[in-house]
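To start, the structure itself, in structure tokens.
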Amino acid sequence: MSDSQVRLAPGAPGILPRWTSSAKTGVGTARNLHSQVWFTLSHGILDEIYFPRVDQACTRDQGLLVSDGSGFFSEEKRNTTSRISSLAPGVPGYRLVNTCSQGRYRILKEVISDPFRNSVLQKISFEPLQGTLADYHLYALLAPHLANFGTGNDAWVGDYKGFPMLFAQRDRHALAFACSVPWARMSVGYVGVSDGWQDVSHHYRMEWDYTEARDGNVALTGEIDLRAWNGSFVLAVGFGGIWSEAGQQALSSLLDGFDLARGEYVRSWQDWQRPLLRLDDDDREKCIYRVSTAVLRTHESKSLLGGIIASLSIPWGFNKGDEDLGGYHLVWPRDLVETAFALVACGAMGDAIRVLRYLEVTQEADGHWAQNLWLDGRPYWGGLQMDETSFPVLLIDLLRREAPDGVGNIERWWPMVHRAACFIVRNGPVTQQDRWEEDAGYSPFTLAAEISALLAAADIADQVAKYEIGTYLRETADSWNENIERWTYAVGGDLCTQIGVEGYYVRIAPADSDGAASPLQGFVPIKNRPPGENQASATHLISPDCLALVRFGLRSPSDPRILNTIKVIDELLRATLPQGPVWYRYNGDGYGEHADGSAFDGTGIGRPWPLLAGERAHYELAAGRIKLAEALLRVMEDSTDESGLIPEQVWDAEDIPALELFRGKSTGSARPLVWAHAEYIKLRRSLRDGKIFDQPPQPVQRYVFEQKKADFFGWRFNNKPRTLPCGKKLRIILLTPGMVHWSDDGWKTSHDTGSRDSGAGVYAVDLPTENLVVGQKIVFTFYWPAEERWEGTDYTITVE
């Protein structure tokens, strides 16, 4: 195009970019490695399309505008009622029926990605319900957000080999927007100023024909000739590293035709679904098992195999811009392992093995996994969650039982297990963040994961003839297990009086409460709450997290302390919704919409999580209440809409139709949440088996059946108890070699005991304190031989 033909769009750089609704009604991708695009749907239109990786969004949305050329304007996503269904059971390709709210037209769509190319295809028919095709104008509007950015995009009108297209590019990401019926008119512009929506909504037709919009928040608009092919056409969005590659992909898809791509797309997904376990053979009215298995598989990377992101969504995306690069399209190791557990549960062993290999290569050098990460392994946030280091060990343990041929020689996995176990021993039992990514301290859930992982690692150590390491890991697990109540079980206090229980497990106990008789003395900061509401006594914060003590097998479901806590949980955290009971993460949670329904913006009110109904169902199954567990499975199913996608949170207040908030249905948080679908699949497997599928066998055998007691009581610099239970040996754990200079008679006599290398990342000193009497004190200090210096501080511990 010559300079004289260039028509620059006014209004650069456009309004501040925003993402779109996170409540998806569909997510899909071709089930092969060649087509590296993923698409999402909501409100009857395409939302984010991801390319070339599932963690890189490249569009905001793409929908249609309808006008009559004189006084009628309608936007597909706002002014229609949309219905969605899948092309076939278990196939994440979709059929949409969008009907004008004024009854003037209907739009029929089928949406897939091209299995042979990097393109997303829509087969569309426009049907007049009033008048004829000649009475309407139809426009396709696309908002590029290339490489996770709404800013800095270039857009222009052009062609590929003479075929007219609209293009956008940012750095090494490009897209091409094409129609099987060549565009009747094309324009590009800046969002909010010179884009197609502004043009058509004001003029009822396209009057602008800008050819370039550079370096901004841009939009592409093309008019479709409805008279050609009787209102039926195919739209293609092709992607590539440069504009020409994107154009080639789009044109190739259009020339081969939609039907060829559709046939291969459906066949490939059906081939994957066919050998999976038939956990959906109970003729339930609203079974979402096949939707759930497809959700898990859809979220996997195709270039970095085994990496599965948390959700193809950005929570409250309509309120977020370029500052939220990650959204939920990141890997959380905890969610990833929960997903792998579900893949094993449904029989997708090869898929689960890929996850294990991905975890192997993304483990940090010191043994832990990042809080969350881009698919290539780069950490995104900087938190440390000890359960995320524990879960990969549990995955290896599950796979060596369920898929020994896939795991192969356990020697292959020992370095990974050993590094993880060493990290747990060196840094636990305290966690920098709990599983809700907020607070440091002693978390019942994290403790359950750590202890279970240590026992699993010990068994693997024995398999590779590392018996001394295995023994030390079991001794550490025994000591931590015996102290769970010391750290996290509150006795007495106002909640006990109010609810009528002797005690209960708290959500989390601050690390500096380790010397207290109970966590009653500690305070916990509450994230996502405004000043003045952001701190509470540990004893006033309750969570369903303690159910992990049963889920992982550390406590019996009939343990009186568990039963007491369930009474407190149900009193404070249970919401009764149309579908049944759903639970909050903890009381005082601030991660959710405000009271008026406005979006979470750093503060808010946490809403119920359907996946917690699944966790509660697993507890009820363990307690022998199968009917109640089945009822909670239905709660999860009924927390969805016709899409079958499970949201992260559901609305718990009166309906606010203007904000699309309806009691018991999805909020503006993530949908689908892959973790929730994983929990649903595991619950179906557990109900079929009559037992908790993902419960590791070691803890339940050791602590519920054998009632194993610890021989040692631990002291370490990140866990310095002031009292020692009578009859226990004191084990002092050091991160570097040292000598303990100690006395049990007030320094009348003293002893020097050198440390030994445990083989588990720490050095241990065992003091013979098992025969000391109540009230007797042990005083000790340290000499560090490598530095040739004394600690300079005495520490005291009293026998209780």
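The values are calculated or read from the model by the stated rules, or taken from the named source; none is laboratory data. None of these values were measured; they are calculated from a predicted model. Positions of Cβ are generated from backbone atoms using ideal geometry, with glycine treated the same way; all protein chains shown enter the neighbour counts. Note: areas computed on protein heavy atoms with side chains; ligands, DNA, RNA excluded. Shrake-Rupley method; radii C 1.70, N 1.55, O 1.52, S 1.80 Å.
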Is it the case that the stretch 404-424 has a residue that's open to solvent by 10 Å² or more (accessible area, probe 1.4 Å), over 17 Å from E360 (Cα atoms), out of contact with any Leu (no Cβ under 7 Å at 6 or more places or on another chain) and not in a helix (DSSP H, G or I)?
no
Among the residues of the stretch 227-267, which ones are open to solvent by 10 Å² or more (accessible area, probe 1.4 Å) and either in contact with a helix residue (DSSP H, G or I) (Cβ under 9 Å, 6 or more places away or on another chain) or small (G, A, S) (or both)?
R227, A228, N230, S232, V234, G241, S244, S252, G257, G263
Residue among G590, G604, G580 that is open to solvent by less than 40 Å² (accessible area, probe 1.4 Å), small (G, A, S) and within 19 Å of the chain's Cα centre (by Cα):
G590
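How many residues, within the stretch 538-550, are among the hydroxyl-bearing types (S, T, Y) and either over 28 Å from G602 (Cβ atoms) or open to solvent by 20 Å² or more (accessible area, probe 1.4 Å) (or both)? Steps first, please.
Initially, the stretch 538-550 is screened for residues among the hydroxyl-bearing types (S, T, Y), giving 539, 543.
Checking which are either over 28 Å from G602 (Cβ atoms) or open to solvent by 20 Å² or more (accessible area, probe 1.4 Å) (or both) leaves us with none.
The number of residues fulfilling the criteria is 0.
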Can you find a residue that is free of Cβ contacts under 8 Å to residues at least 40 places away in the same chain and farther than 19 Å from P144 by Cβ anywhere in the stretch 10-33?
no
Among the residues of the stretch 463-493, which ones are in a helix (DSSP H, G or I), open to solvent by 50 Å² or more (accessible area, probe 1.4 Å) and without any contact (Cβ under 8 Å) to a residue 24 or more places away in the chain?
Y467, T471
With E648, E642 as the choices, which residue is surrounded by fewer than 20 Cβ atoms within 10 Å (Cβ to Cβ) and within 25 Å of G90 (Cα to Cα)?
E642
Starting from residues that are under 34 Å from the mean Cα position of the chain (by Cα) and part of a helix (DSSP H, G or I), keep the ones in the stretch 497-515 and report whichever is surrounded by the most Cβ atoms within 10 Å (Cβ to Cβ).
S513
Over the stretch 693-735, the set of residues of a type outside the set (K, R), open to solvent by 60 Å² or more (accessible area, probe 1.4 Å) and in contact with a strand residue (DSSP E or B) (Cβ under 7 Å, 6 or more places away or on another chain) is D711, C726
E679 is checked against (1) acidic (D, E); (2) in contact with a strand residue (DSSP E or B) (Cβ under 6 Å, 6 or more places away or on another chain); (3) crowded, with 23+ Cβ neighbours inside 10 Å and fails just one. What number does that condition carry?
(2)
Looking at the structure I just gave you, is G553 of a type outside the set (S, T, N, Q), in contact with an Asp or Glu (Cβ under 9 Å, 6 or more places away or on another chain), surrounded by 21 or more Cβ atoms within 10 Å (Cβ to Cβ) and touching a residue at least 60 places away in the same chain (Cβ under 8 Å)?
no
Taking S666 as meeting all but one of (1) among the hydroxyl-bearing types (S, T, Y); (2) within 21 Å of the chain's Cα centre (by Cα); (3) open to solvent by less than 10 Å² (accessible area, probe 1.4 Å), write down the number of the exception.
(3)
Where R412 falls short, out of the listed (1) closer than 27 Å to Y328 by Cα; (2) free of Cβ contacts under 8 Å to residues at least 40 places away in the same chain; (3) not hydrophobic (A, V, I, L, M, F, W, C):
(1)
Criterion (without any contact (Cβ under 8 Å) to a residue 60 or more places away in the chain, within 23 Å of D512 (Cβ to Cβ), of a type in the set (D, E) and open to solvent by 50 Å² or more (accessible area, probe 1.4 Å)) met by exactly one of D752, D794, D757
D794
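Quick one: in the stretch 300-347, of everything that is within 16 Å of the chain's Cα centre (by Cα) and surrounded by fewer than 20 Cβ atoms within 10 Å (Cβ to Cβ), which residue is nearest to F391 (Cα to Cα)?
The qualifying residue nearest to F391 (Cα to Cα) is G326.
When you scan the stretch 745-795 for strands (runs of 3 or more DSSP E) that lie fully inside it, which ones turn up with 2 or more residues that are touching a strand residue (DSSP E or B) at 6+ places or on another chain (Cβ under 8 Å) and farther than 29 Å from A457 by Cβ? Break it down into steps so the answer makes sense when it comes.
Details: elements: 751-754, 763-767, 777-784.
Qualifying strands (runs of 3 or more DSSP E): 751-754, 777-784.
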